[in-house]
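As structure tokens, the structure follows; a few thoughts come after it.
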Amino acid sequence: MEFKLNEDQQLMKDMFVEFTEQFVKPIAAELDEQERFPEELIPQLGETGLLGIPVAEEYGGAGADNMSYVLAVEEVSKACASTGVTISAHTSLCCWPIEAFGTEEQKQKYLPDLASGEKLGAFGLTEPGAGSDAAGQRTVAEDKGDHYLLNGSKIFITNGEVADVYVVFAMTNKELGNKGISAFIVEKGWEGFSFGSHEKKMGIRGSSTCELIFENVKVPKENLLGEVNKGFKIAMATLDGGRIGIAAQALGIAEGALDAAVEYVKTREQFGRPIAAFQNTKFTLADMKTRVEAARYLVYSAACAKDNGEPYSDKAAMAKLFASETAREVTWRAVQLFGGYGYTRDYPVERMMRDAKITEIYEGTSEIQKMVIAGNLLK
Ligand code: CAA
């Protein structure tokens, strides 16, 4: 199978490359260094259409396919994995479930602002006791007639404090376990909704990760997303798509490190010649490139399966598992090729190495991906 981009996808890719060169690459190191979320980039991302790529045109998006969305996350992540995950969490984890499970009113109300970048989205599932065991929710939403009363907290939330719209999961019937979880659309600014600690992270330091706290937050009945007690399946289906986004981010990180290494080995001289002339360098680069291409096929294949309306849960899990391991391996090797310089912040590969690690952890650890893949094989 050959992945050949069609004309629209190629045009979009060219635009993402240009955008990344102009706006993302120049600030990537600074965002990491200062642990700063790039507020100034959000309107630019919105204007260029990068925050609503797969959202239908009738709701203000580009109405493009998932393949194009993957290309965006990949290209941006080549230069800045933090910006890559900002786009991915917003698009896959907030816009998508609203479009897939929302009522017409919810779509009309939330999607145009999200797709234009006027508002940013986030996803609140993880809790201290509900990480890999997503069903172990402690946050509760009590039915109070015309509203739900939301109490609890969420941790490790990407786009945490910088988002405006949150897809949040809570128990609506504790007795029913995962069949008692519901999904809600929650807005920043509602009484009782506040933010807790900000994580100080190893990598993706230009992305915002923080705790969400809900203290007697009144969620209007019309903000229930999907059916009551059907939230666990919404979360799982959302993560299937989210994992394609993270796989694309991991692919981009690996490609960024490979590109940097290829440039470097041509100019760095030791023992009287460029280190590119040594067999060890060539073999290392060959291994890196081969892994990157294998990861690309898995990531694009998962995106195409989603676009073709085929089942993609296991494909997404395989893409994320392999692409994240590839990002770890390729960035590690890039640092080794750079030697002492690679260990300094004068070059981007140490940042890429730190950024790569999270792709093996969030939106389901590698071990969870293996459970999903094996579960699909054995069912
Ligand atoms: N789509 C739809 N439904 C699904 C599904 C899917 N992909 N996967 C499972 N389900 C359904 C099952 O069919 C089952 O339904 P029935 O009972 O009606 O048959 C139900 O959900 C329960 O399924 P399981 O018994 O398999 O559920 P489980 O409790 O054993 O959990 C799991 C399975 C795969 C381990 C799941 O808990 C999981 O994915 N855990 C990881 C969570 C995760 O990725 N968290 C990341 C949070 S987001 C993040 O990282 C932060 C960020 O902002 C980036």
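General remarks:
- When restricted to residues that are more than 12 Å from the ligand (Cβ to nearest atom) and not charged (D, E, K, R), the stretch 187-242 contains 22.
- Checking K174 against (1) within 25 Å of D307 (Cβ to Cβ); (2) away from the ligand (no atom under 12 Å from the Cβ); (3) open to solvent by 50 Å² or more (accessible area, probe 1.4 Å), the condition it does not meet: (1)
Let's see how each residue does on (1) closer than 25 Å to E363 by Cα; (2) of a type in the set (A, V, I, L, M); (3) in contact with an Asp or Glu (Cβ under 7 Å, 6 or more places away or on another chain):
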residue: E269; (1), (2), (3): no, no, no
residue: Y297; (1), (2), (3): yes, no, no
residue: F322; (1), (2), (3): yes, no, no
residue: V330; (1), (2), (3): yes, yes, no
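- Taking each residue of the stretch 354-379 that is in contact (Cβ under 8 Å) with a residue 24 or more places away in the chain and hydrophobic (A, V, I, L, M, F, W, C) and looking for partners that are near the ligand (Cβ under 8 Å from one of its atoms) and open to solvent by 50 Å² or more (accessible area, probe 1.4 Å) with beta-carbon atoms closer than 7 Å, six or more apart or interchain, yields I368/S132.
- In the condition set (1) open to solvent by less than 60 Å² (accessible area, probe 1.4 Å); (2) of a type in the set (G, A, S); (3) not in a helix (DSSP H, G or I), A303 is compliant with all but (3).
- E30 satisfies every condition listed in (1) open to solvent by 30 Å² or more (accessible area, probe 1.4 Å); (2) of a type in the set (D, E); (3) closer than 30 Å to F101 by Cβ except (3).
- Of the candidates I53, I87, the single residue that is out of contact with any Gly (no Cβ under 6 Å at 6 or more places or on another chain), part of a helix (DSSP H, G or I) and buried (at least 19 other Cβ atoms within 10 Å of the Cβ) is I87.
- Residue in the stretch 329-337 that is open to solvent by less than 50 Å² (accessible area, probe 1.4 Å) and among the aromatic types (F, W, Y) present: no
- The stretch 247-288: number of residues that are over 26 Å from E74 (Cβ atoms) and either touching a Lys or Arg at 6+ places or on another chain (Cβ under 6 Å) or not in a helix (DSSP H, G or I) (or both): 9
- If you go through the stretch 214-246 and keep only what is assigned to a strand (DSSP E or B) and open to solvent by 20 Å² or more (accessible area, probe 1.4 Å), you end up with E215, N216, K218, P220, L224.
Listed here are the residues, each with its yes/no results for (1) in contact with a Cys (Cβ under 8 Å, 6 or more places away or on another chain); (2) within 16 Å of the ligand (Cβ to nearest atom); (3) under 25 Å from I53 (Cα atoms).
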{"position": "E104", "(1), (2), (3)": "no, no, yes"}
{"position": "S132", "(1), (2), (3)": "no, yes, no"}
{"position": "D143", "(1), (2), (3)": "no, no, no"}
{"position": "H147", "(1), (2), (3)": "no, no, no"}
{"position": "G152", "(1), (2), (3)": "no, yes, no"}
{"position": "I157", "(1), (2), (3)": "yes, yes, yes"}
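- Which listed residue is touching a Leu at 6+ places or on another chain (Cβ under 9 Å), of a type in the set (S, T, Y), open to solvent by 10 Å² or more (accessible area, probe 1.4 Å) and over 18 Å from V85 (Cα atoms), from S132, S182, S197, S153: S153
- Filter result for the condition that a residue is of a type in the set (S, T, Y), open to solvent by 50 Å² or more (accessible area, probe 1.4 Å) and not in a helix (DSSP H, G or I), over Y347, Y341, Y297: Y347
- Matching residues, the stretch 320-379, being more than 14 Å from the chain's Cα centre (by Cα), more than 12 Å from the ligand (Cβ to nearest atom) and among the charged types (D, E, K, R): E325, R328, E329, R333, R345, D346, E350, R351, R354
- Residue match in the stretch 206-213 (condition: surrounded by 17 or more Cβ atoms within 10 Å (Cβ to Cβ), at positive phi and β-branched (V, I, T)): no
- Qualifying residue in the stretch 61-74 (condition: within 30 Å of L176 (Cβ to Cβ), outside any helix (DSSP H, G or I) and not basic (K, R)): no
The values are calculated or read from the model by the stated rules, or taken from the named source; none is laboratory data. A quick note: this is a predicted structure, and the numbers were derived from the prediction, not measured. Counting neighbours? That spans all protein chains shown, and the Cβs are built from the backbone with ideal geometry, glycine included. Surface accessibility is based on the protein's heavy atoms, side chains included, excluding ligands, DNA and RNA. Shrake-Rupley method; radii C 1.70, N 1.55, O 1.52, S 1.80 Å.
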